[in-house]
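Visitor: The structure that follows is given in the form of structure tokens.
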Amino acid sequence: MIKMKDKEKLFRSISSKDVLLFIGAGFSIPCGLPSGNDLKKLLADKLHKHTGSRMHDLPLQDISDTLKNELGDEEFIKLLSSYFLIPSKDTSSHDLLASITFFDNIVTTNYETYLEDAFGDRCFVKISNDDLVERDKNRVCIYKIHGDFSQPDKIVITKSDYARFSNNTNNLIWNEVKGLMSKKIVLFVGYSIDDIHVYNYLFEVTTRTSMIDEKYRHAYYVAPKLTKEQKALLRSRKIIPINSTGKKFFEDLDNFLKKNIVSSYKKKETDKSSFSDYMALKNISFDMDSHNQTLANFKPVDNLKPFDRKSYFTLEASSLDPKDLQKAGIVTEEGGLRIPAENLHQ
């Protein structure tokens, strides 16, 4: 089990925008999409129906290769899209992630668009070298390293696709991602450790980072129901396992931020832009004195939208306390700031 101090250390690194997030297929399962194993079965069944061949025990990449050769490129992509281009049953995990403003870059191997749909105009997407544009610092960059259906020729799923992906030294998008890997802590959410290609990514992360940083910055791997053997395998690569679903992990992160974000900002661990954006997404506006890091006059951004009743922040009650003491406050639905009596120290 991960130690609380290790998890808190990761959360603080996220609030400092020091983490590169990888999102895998498992994160979109609640939306109604197939897991890697489910997709493998769907394609194997389709292949069996089409040719009579039984390939259920082979890897997804081999099944995909054979089926694509049988159906042809266009029909194979059409079949694949029928599994992924569907309305989401539950967008809450993606919406929650989009409300956390501390990831400048997100890497995903997913084909669907739920992630960019949740971020809306606060993100831009990179799929191929044609998408290499100057960095927009005000928006999150989403790297779709396995492509999506807007550029079907860039989709990576078959054994041939993976070989092309791995051997293409001119893959500038992947080169950008590898550069980020060497600079940031890497966090994997929604991946199956049994996928050899995912393990290759993990191996690349740890190898590149250990070569560059002698102290070595750990990577983290979030997944539910990790076995003792899987945890040992991850730790052998200096990757810290976190036994959790993706949604629960981001709920824990969001609760941590609510309790610590103001103090992190005042300690200059969190930058002004990310802090302001995060509070705005929680429907909270305030007056800010950047010179002395003072915050005051908390109120709704939109009076027609209620505050989250469960939003707890360590807020500066400067109008009540001239000594600028930090007080534990509750932002009320009506737009006020409730300070518990026991916290009104003199």
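Visitor: Tabulate in residue order the Karplus-calculated ³J(HN,Hα) for the stretch 137-152, using 6.51 cos²θ - 1.76 cosθ + 1.60 with θ = phi - 60°, rounded to whole Hz; enter x for Gly and Pro.
Guide: 5, 8, 10, 6, 8, 9, 8, 9, 6, 9, x, 7, 6, 6, 9, x
Visitor: If you count only protein heavy atoms and use a 1.4 Å probe, how large is the accessible surface of His56, to the nearest 10 Å²?
Guide: 50
Visitor: Using 30 Å as the Cα-Cα cut-off, could you pick out the over-long pairs in Lys49/Lys89; Lys9/Lys40; Lys41/Lys183; Lys144/Lys267?
Guide: Lys9/Lys40; Lys41/Lys183; Lys144/Lys267
Visitor: Let me ask you something else. Using DSSP to define loop residues, name the trypsin sites (Lys or Arg not before Pro) in the stretch 1-51 whose beta-carbon has at most 10 other beta-carbon atoms within 10 Å.
Guide: Lys3
Visitor: Continuing with the same structure: Can you work out the Karplus-derived ³J(HN,Hα) for every residue in the stretch 155-169? Use 6.51 cos²θ - 1.76 cosθ + 1.60 with θ = phi - 60°, whole Hz, and x for glycine or proline.
Guide: So the J values, rounded to whole Hz, are 5, 10, 8, 8, 4, 5, 4, 5, 5, 4, 4, 6, 8, 7, 6.
Visitor: At a Cα cut-off below 20 Å, give the lysines reachable from Lys299, other chains included and same-chain residues fewer than 8 away excluded.
Guide: Lys258, Lys259, Lys266, Lys272, Lys282, Lys310, Lys327
Visitor: Can you sort Asp95, Asp18, Asp121, Asp148 by 1.4 Å-probe accessible area, starting with the largest?
Guide: Values: Asp95 75, Asp18 45, Asp121 130, Asp148 10 Å².
The most accessible residue leads, giving Asp121, Asp95, Asp18, Asp148.
Visitor: Another question, then. Assign unit charges at the C-beta atoms only (+1 for Lys and Arg, -1 for Asp and Glu), then state the dipole size of the stretch 83-179 relative to its Cα centre in Debye, rounded to the nearest 20.
Guide: Magnitude of the dipole: close to 300 debye.
Visitor: How large is ³J(HN,Hα), in whole Hz, for each residue of the stretch 56-62 in order, when computed from phi with the Karplus curve 6.51 cos²θ - 1.76 cosθ + 1.60 and θ = phi - 60°, using x for Gly and Pro?
Guide: 4, 8, 8, x, 3, 5, 5
The values are calculated or read from the model by the stated rules, or taken from the named source; none is laboratory data. Model, not experiment: these values are computed from the prediction. FYI the Cβ positions are ideal-geometry reconstructions off the backbone, even for glycines, and counts take in every protein chain you see. SASA here: full protein model, heavy atoms, side chains in, ligands and nucleic acids out. Shrake-Rupley method; radii C 1.70, N 1.55, O 1.52, S 1.80 Å.
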